[in-house]
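Below is one structure, written out as structure tokens; comments come after it.
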Amino acid sequence: MTVSQRLFEQAQFSIAGGVNSPVRAFGSVGGSPVFFERGEGPYLYDADGRRYIDYVNTWGPAVLGHARQEVVEAVQQAAAKGLSFGAPTEIEIRMAELLKELVPSLELVRMVNSGTEATMSALRVARGYTGRDKILKFEGCYHGHADPLLVKAGSGALTLGVPSSAGVPAAATADTLTAVYNDLDSVREAFNELGDQIAAVIVEPVAGNMNCIPPAPGFLEGLRALCDQYGSVLIFDEVMSGFRAALGGAQARYNVKPDLTCLGKVVGGGMPVGAFGGRREIMEQLAPLGPVYQAGTLSGNPLAMAAGLTTLQLLSEPGVFEALESRTHKLAEGLRMAAAKAGVSVVVNEVGSMFGLFFTNEVTVSSYRQVVASDTDAFKRFFHAMLEAGVYLAPSAFEAGFVSTAHDAEAIDYTLAAAEKAFSALNG
Ligand code: PMP
């Protein structure tokens, strides 16, 4: 028995399911989850002392790799001055100013503690601003685990085959409409019927919770036009795509401006952080300016701000994002070539520093329907072969992969050599 296996057994006595977030449990790929002890650059080291090249990157935040020295030092320096004040600090202004610079649609922002809080708060302010109740989301998109959003959700909800969750009262989702990602007709239908009641459309502008699905040409523009036509708030949930699809997020990459944006993951550089923001007149609805209540004891926490701000500063240095994107492209191209060599049919999607691998005979993968039809059994076997070789992929066929600036040529080459063997074994 490995140390990880022993720890997992022990964990199950005191932690529900042995994990603090469901996908970590390896439920859909089988086997026992790996327990990690430390990370450094592109590598993670497990409790048995084994090294892995990490493409989970803490589900996105570790865009500079693990334990980047400048980030760790910034947190250490902040910690020495006190962990939390529950009162304003200057670093919160610097964070807000940098966010506005990198994502110009953010006229005003609020920091929160997770992506879930960001989307929950953005919905509330959108409803408060419009005076309407209904929201529209897309099948396969995940926006955290707030009740009204746990309808046809992606990520763990998709992985575990529970499109909705027990414990969510019907009343909490009664105003949640769903449409089909990359299918504007399905959105038009909803607007035709109920457009004057729709407060907001919330969308992952690059879907990353049904693996990685880029927006079809015209999809985001179409959402923008429908929201304008009906006076609904367009919310881009860029918790995952922010600072990943492009430095300025998917909205910069595809040049579509949302009314509100949700951020998380990279914005905290590995600390528990989220943010939401957007048009001034909407954000001015928030207390203490307006009637929409939203708050947080630890929001804008100085350690979290130090980690996030330093991460964003380093990521926005000239050439850094471009290099990250070209490394991701090298990985994606290499995976396509390795699969072709082994005679395995795959599609590899890539957007900025996100990627997605699908075992499928389709030529492209751009819909939820295609994602769920992909060969999850082949993924499972590929996942375990890669894990065995020391490459840590997300333990689910429905999660996107992430590359960091620390993934150098050596790490990518090692990954591709391992992938070639793993693909070949699938045919063996
Ligand atoms: N929105 C999106 C697009 C996400 O990917 C996630 C997390 N994977 C969330 C919201 C929720 O964020 P958190 O897990 O920090 O609550």
Pairs, please: C-beta under 6 Å, at least 6 apart or cross-chain, first residue over 21 Å from residue 214 (Cβ atoms) and acidic (Asp, Glu) and in segment 134-159, second modelled with pLDDT under 95 and within 9 Å of the ligand (Cβ to nearest atom)? none
Kindly indicate whether residue 79 is in the same structural domain as residue 386 (by TED's automatic domain parsing), modelled with pLDDT of 95 or more and among the aliphatic types (A, V, I, L, M). no
Name the single residue that is farthest from the ligand (Cβ to nearest atom) among those in segment 219-235 being farther than 18 Å from residue 180 by Cβ and in contact with a Lys or Arg (Cβ under 9 Å, 6 or more places away or on another chain). 231
If only one of 356, 334 is under 19 Å from residue 250 (Cβ atoms) and in the same structural domain as residue 26 (by TED's automatic domain parsing), which one is it? 356
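Only one of 159, 173 is of a type in the set (Ser, Thr, Tyr), within 13 Å of the ligand (Cβ to nearest atom) and at pLDDT below 95; which? Spell out how you get there, then give the answer.
On the way: 173 fails: within 13 Å of the ligand (Cβ to nearest atom).
It is 159.
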Tell me which of these residue 68 doesn't satisfy, since it passes every other one: (1) within 16 Å of the ligand (Cβ to nearest atom); (2) farther than 17 Å from residue 392 by Cα. (1)
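Of the residues 140, 82, 86, 128, which single one is farther than 21 Å from residue 301 by Cβ and more than 16 Å from the ligand (Cβ to nearest atom)?
Numbers: 140 fails: more than 16 Å from the ligand (Cβ to nearest atom); 82 fails: farther than 21 Å from residue 301 by Cβ; 86 fails: farther than 21 Å from residue 301 by Cβ.
Matching residue, one of 140, 82, 86, 128: 128.
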Kindly indicate whether any position in segment 28-45 is closer than 16 Å to residue 303 by Cβ, surrounded by fewer than 21 Cβ atoms within 10 Å (Cβ to Cβ) and either touching a Lys or Arg at 6+ places or on another chain (Cβ under 9 Å) or modelled with pLDDT of 95 or more (or both). no
Yes/no for residue 379 being crowded, with 18+ Cβ neighbours inside 10 Å, over 24 Å from residue 216 (Cα atoms) and not hydroxyl-bearing (Ser, Thr, Tyr): yes
Got a sec? Which of 311, 328 is within 18 Å of residue 114 (Cβ to Cβ) and among the polar types (S, T, N, Q)? 311
For residue 19, work out the one condition from (1) within 20 Å of the chain's Cα centre (by Cα); (2) touching a residue at least 60 places away in the same chain (Cβ under 8 Å) it doesn't fulfil. (2)
Scan segment 266-311 residue by residue and report those that are surrounded by fewer than 23 Cβ atoms within 10 Å (Cβ to Cβ), more than 27 Å from residue 130 (Cα to Cα) and aliphatic (A, V, I, L, M). 271, 298
So, of the residues in segment 120-151 that are hydrophobic (A, V, I, L, M, F, W, C) and part of a loop (DSSP other than H, G, I, E, B), which turns out to be nearest to residue 253 (Cα to Cα)? 141
Quick check, is residue 117 away from the ligand (no atom under 15 Å from the Cβ) and either in the same structural domain as residue 302 (by TED's automatic domain parsing) or not in a loop (DSSP other than H, G, I, E, B) (or both)? no
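Residue-by-condition table, conditions (1) within 16 Å of the ligand (Cβ to nearest atom); (2) in a loop (DSSP other than H, G, I, E, B):
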residue	(1), (2)
12	no, no
29	no, yes
33	no, yes
40	no, no
45	no, no
49	no, yes
52	no, no
61	yes, yes
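Given the residues 216, 199, 190, 246, which is the only one that is touching a Lys or Arg at 6+ places or on another chain (Cβ under 6 Å), of a type in the set (A, V, I, L, M) and away from the ligand (no atom under 16 Å from the Cβ)?
199
Can you list the strands (runs of 3 or more DSSP E) found entirely within segment 188-301 that contain at least 2 residues being farther than 26 Å from residue 86 by Cα?
198-203, 233-237
Could you tell me whether any residue of segment 93-111 is touching a His at 6+ places or on another chain (Cβ under 6 Å) and either modelled with pLDDT of 95 or more or assigned to a loop (DSSP other than H, G, I, E, B) (or both)? Can you show your working first?
Step one: list which residues in segment 93-111 are touching a His at 6+ places or on another chain (Cβ under 6 Å), which gives none.
Taking every residue of segment 93-111 in turn, none turns out to be touching a His at 6+ places or on another chain (Cβ under 6 Å) and either modelled with pLDDT of 95 or more or assigned to a loop (DSSP other than H, G, I, E, B) (or both).
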Segment 244-265 - residue that is of a type in the set (S, T, N, Q) and buried (at least 23 other Cβ atoms within 10 Å of the Cβ) and, of those, farthest from residue 325 (Cα to Cα): 261
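The values are calculated or read from the model by the stated rules, or taken from the named source; none is laboratory data. In this text the structure is predicted, and so the values were computed from the model without any measurement. Every residue, glycine as well, gets a Cβ built from its backbone with ideal geometry; the counts of neighbours run over all protein chains shown.
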